[in-house]
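Engineer: Below you'll find the structure I mean.
The values are calculated or read from the model by the stated rules, or taken from the named source; none is laboratory data. Computed from a predicted structure; not experimentally measured. SASA here: full protein model, heavy atoms, side chains in, ligands and nucleic acids out. Shrake-Rupley method; radii C 1.70, N 1.55, O 1.52, S 1.80 Å.
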Amino acid sequence: MNKVLKNSWALFLGMGFIMMAYGFQGSLLGVRAVQEEFSLTSTGFMMSGYFVGYFIGAATIPNIISRVGHIRVFAAFASLASLVVLIHSVIIHPFIWFLLRILTGVSMVCIYTVAESWLNDRSSNKNRGSVLSIYMVILYGTMGIGMFLLNFSSPKNFQPFILVSVITSAALIPILLTKKKPPNFKKIQAMNMRELYEASPFGMVSSLFYGTIQSALFTLLAVYATSMNFTILEISIVTFLLAISGAVAQFPVGKISDIYDRRRVIVFSTFGAAIFAIIAIFVSRQMYLPGGLATSKTWFYIFFILFSFCSLPMFSLILAHTNDYISKEKFVAAGAGLQFAFGLGAMSGPFLCSIFMDLVGPNGFFVFLFIFHSFIGFFGIYRMKVRKTVENPDSLFVAMPQTITPAGIELNPTTEHIEEPYSEKVKEILERKGVKYKKDENEDQKKEVTY
């Protein structure tokens, strides 16, 4: 563990600053949009721009990294993200903000890809799980801290936007000053949608729906809270609870899924989230009233935590379930394919959810979450009747951040590279050069080569 921290502290520190700014910016824009009296549909459309950019960037960034290199690409797109934030405070219009959110999405997926491929290069099969755990704690922890920065100044002022820009720029310092060589970037090939559906229909469809849920949840929660007359501190608390609850829930829920039928765990989790979403509506009652007329938010916080606990581990569960039905060599490709499906759903999530909120009122936010979680649950029940559970000893639950890229999925210790056995011709050449070849007796694979 100490070696991991020593070799990657600059990257972890830089990503901590990036996620602090990311958490702050998401809440800031949602609250400011309500204060500027953007319509709910316009706000949802504007916030969906981030996922459009994320989707575009995921397809184009690998080629740019291959041509230019990790450090230059990271510096360029972190600078772009810092610049874009400032423009939000200068030009206040939903469509302009939508375009700016696209640029932010492209920048963020670039940053994630660089960081995660770099971590992959620094990690070995022995410590890959530890690296991923530290990475997750940093991502969720600093994002939660960033949400409390909403109390720094009124969202109507320009100072919060400057602070986001400053924090983003600060992320460049430790990474640009590192002496470590950047890795050779390896492009990840994804399974196409047809192959992915044939391997795991439930995995692909649930990933699509969950992308819709997740994008709406993280982008419109602050909008919902503002519409319910939460104070700035209360908005910070509820967004912080979302991030931290999701991180804490990953491990106990994952452990259960390794013991019991994973599809059953997904179905129970998603219906649990749907139920707690409905309960959140009932306990919200008169929270929107001003002053002493408003009801206590304590029960709302409790049921929202339970909702997050059920909902946020879902992508990791879906990934582990999909791996149950494929060979180990395809784990990374399948993960990339699920990310593609997730991205397709994510682009529409904020816009669709904003329509619900426009029609029903602020609680349309939870109605939307209830409906889409239920879709996943009912489809899961159908698939359990059609296809039997498969026991795959190579597939285990591994907690994954919601923002993970295909490069980051390689940090999953179950995807470690399996060396192919030497061919007879290669062995003959090695022997001629005086190389001693030692073979593992159990697996008939290359174990060790010494000179």
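Engineer: With only alpha-carbon atoms counted, please give the Rg and Dmax of region 1-140, in Å.
Structural biologist: 16.6, 52
Engineer: Still on this structure, I have one more. Write down the accessible area per residue of region 305-360 in Å², having rolled a 1.4 Å probe over the full set of protein chains.
Structural biologist: Details: 1610 Å² over 56 residues.
Normalised by residue count, the accessible surface of region 305-360 is 29 Å².
Engineer: On to the next question. Carbon and sulfur atoms: what percent of the 1.4 Å accessible area of region 1-89 do they account for?
Structural biologist: Numbers: 2180 of 3410 Å².
Carbon-and-sulfur percentage of accessible area, whole number: 64.
Engineer: So with the 1.4 Å probe, I'd like the accessible area per residue for region 68-115, rounded to whole Å². Can you show the working numbers first?
Structural biologist: Numbers: 1660 Å² over 48 residues.
In whole numbers, region 68-115 has 34 Å² accessible per residue.
Engineer: How big is the equivalent ellipsoid of region 195-247 along its three axes, where each semi-axis is √(5λ) from the Cα gyration tensor, reported in whole Å from largest to smallest? Display every interim value, and only then the final one.
Structural biologist: Details: eigenvalues 209, 26, 5 Å².
Working from the Cα gyration tensor, I get semi-axes of 32, 12, 5 Å.
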